[in-house]
Amino acid sequence: MKVARIETFVLRAAPPEVYWGARTWSADRGGQVAGYPVPARRRYAYSPTIDTVLVRLETTDGVTGWGECKAPVAAPATAAIVNELLAPLVTGTRLDEIAVTWERMYAGMRVRGHDAGFWLEALSGVDIALWDAWGRTLGQPVHALLGGAFRASVPVYASGIPAADPDPRARGEALRDAGWTAVKVAIGLDPARDIAAVESVRDLFPRVFADAAGQYDVRQALHVGRALQELGVGFFEMPIAPEHVAGYRELAGRLDVPLALDSLPGRFRALEFLRAGALHVLQPDVCRAGGITETMRIAALADAFGAQATPHVSIGSSVHFAASLSCAAAIPNLDVVEHWIGDNPLSAVAAVAPPAGGERTVNPLPGLGLDIDEARVRALAE
């Protein structure tokens with residue numbers, strides 16, 4: 001039971017509609033922002049296509065596992081890291097030593113920067129593939145290997161509604177009519193406009209969340225946060241820049257609305273926020289924050305501090321969704337999980353049961369429970 005081969009696939013597919021995050025925060029297609037903070041600090045890089053990197057891992061016993069690296073931009077760079085640096089470290093290792101292999105990968109770039117960004121995203125895909133292969137080898141779902149499922153189905157919220165849309169309420173009504181019971185609104189453009197957008201959909205759903213993507217300063221975040229708590233918003237995601245831990249601590253002490261953050265590259269950054277009492281909801285992205293191994297560590301840390309942990313999903317293929325669901329099933333301190341509602345061209349790599357009644361059913365099949373269409377993957381990669 002050793003790793004025999006690792007292969008990567010760079011996938012780029014055009015969506016029928018611009019991704020909701022790009023419509024809000026991108027440098028070239030984002031919504032109009034207020035004059036402060038300056039736009040140079042508030043515009044992010046987005047690809048015009050939906051991009052990712054899939055990892056195919058094959059064992060000496062002929063078992064195949066699949067993983068996914070978060071790669072919304074510069075996907076070939078992520079694939080190169082896997083191919084040139086991580087694959088040589090992992091090939092030949094034992095499949096039943098995933099934690100040991102994780103540490104070997106994590107340490108590989110310690111002297112050159114290793115705890116966030118492209119390195120950790122590339123590592124994540126390999127880690128997920130290892131768990132998938134190990135589950136398939138044992139004939140067990142990943143959530144069983146993580147200790148068992150706390151729930152047979154996982155509540156999900158629709159992600160999302162851009163405040164930049166001409167009519168956020170009309171989009172919200174369409175989602176409500178489609179059976180969604182919770183939704184997230186992308187804000188961070190202008191405080192008054194953002195509050196109005198959330199207010200316009202608040203009566204449509206039992207639960208509404210808001211994501212500012214780090215666009216405000218502390219003063220603006222306080223103003224918006226007080227309005228959101230009056231509206232009964234479930235959490236206020238990334239209100240200010242993620243490097244501003246002291247600002248999160250101040251906001252947490254002055255607001256009643258729970259603070260959430262998806263920009264958590266690993267357990268050490270998560271611990272910094274938890275020790276400061278700066279977060280209530282931690283949102284590790286399984287394809288960005290070190291894979292299944294590190295996501296579960298972050299969830300356990302959050303639990304020790306009385307905080308919630310919920311996987312962040314945003315964009316990605318069926319592998320990303322399946323890995324997130326596997327973790328969500330096994331996390332005791334979980335409330336609700338993100339689900340991108342866009343017409344996802346990367347869902348073609350494997351069929352995934354869509355949410356029903358605001359929930360996703362936990363897959364009981366071995367590994368991630370996916371039947372990957374390898375021919376389709378190779379065709380998309382071409």
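I'm checking my understanding of the structure. Among residues of the range 206-224 that are open to solvent by 20 Å² or more (accessible area, probe 1.4 Å) and either assigned to a loop (DSSP other than H, G, I, E, B) or touching a Phe, Trp or Tyr at 6+ places or on another chain (Cβ under 7 Å) (or both), which one is farthest from HIS339 (Cα to Cα)?
Step by step, filter the range 206-224, then rank; the result is ASP217.
In the list ALA375, ALA302, which residue meets the criterion of being under 18 Å from LEU282 (Cα atoms) and without any contact (Cβ under 8 Å) to a residue 60 or more places away in the chain?
Result of the check over ALA375, ALA302: ALA302.
Can you give me the number of residues within the range 278-337 that are of a type in the set (S, T, N, Q) and either within 9 Å of the chain's Cα centre (by Cα) or within 17 Å of PRO265 (Cβ to Cβ) (or both)?
Matching residues across the range 278-337 total 6.
May I ask you to list the residues in the range 150-169 that are among the hydrophobic types (A, V, I, L, M, F, W, C), open to solvent by 40 Å² or more (accessible area, probe 1.4 Å) and touching a Ser or Thr at 6+ places or on another chain (Cβ under 9 Å)?
Within the range 150-169, ALA152 is the sole residue that qualifies.
Can you name every residue in the range 38-57 that is crowded, with 17+ Cβ neighbours inside 10 Å and either more than 18 Å from the chain's Cα centre (by Cα) or modelled with pLDDT under 90 (or both)?
Those that are crowded, with 17+ Cβ neighbours inside 10 Å and either more than 18 Å from the chain's Cα centre (by Cα) or modelled with pLDDT under 90 (or both): ARG42, ARG56, LEU57.
Per-residue answers, yes or no, for (1) under 27 Å from SER347 (Cα atoms); (2) outside any helix (DSSP H, G or I); (3) open to solvent by less than 10 Å² (accessible area, probe 1.4 Å):
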site: ALA22; (1), (2), (3): yes, no, yes
site: ASP61; (1), (2), (3): no, yes, no
site: THR78; (1), (2), (3): yes, no, yes
site: PRO88; (1), (2), (3): no, no, no
site: ARG104; (1), (2), (3): no, no, no
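Which helices (runs of 4 or more DSSP H) does the range 231-314 wholly contain that include 1 or more residues that are open to solvent by 10 Å² or more (accessible area, probe 1.4 Å), basic (Lys, Arg) and within 30 Å of GLY65 (Cα to Cα)?
267-275, 291-304
The values are calculated or read from the model by the stated rules, or taken from the named source; none is laboratory data. The shown structure was predicted, so the numbers you read here are calculated from the model rather than taken from an experiment. Ideal geometry is used to build each Cβ from the backbone, glycine not excepted, and the neighbour counts take in all protein chains shown. Keep in mind that these areas ignore ligands, DNA and RNA; they rest on the heavy atoms of the full protein, side chains included. Shrake-Rupley method; radii C 1.70, N 1.55, O 1.52, S 1.80 Å.
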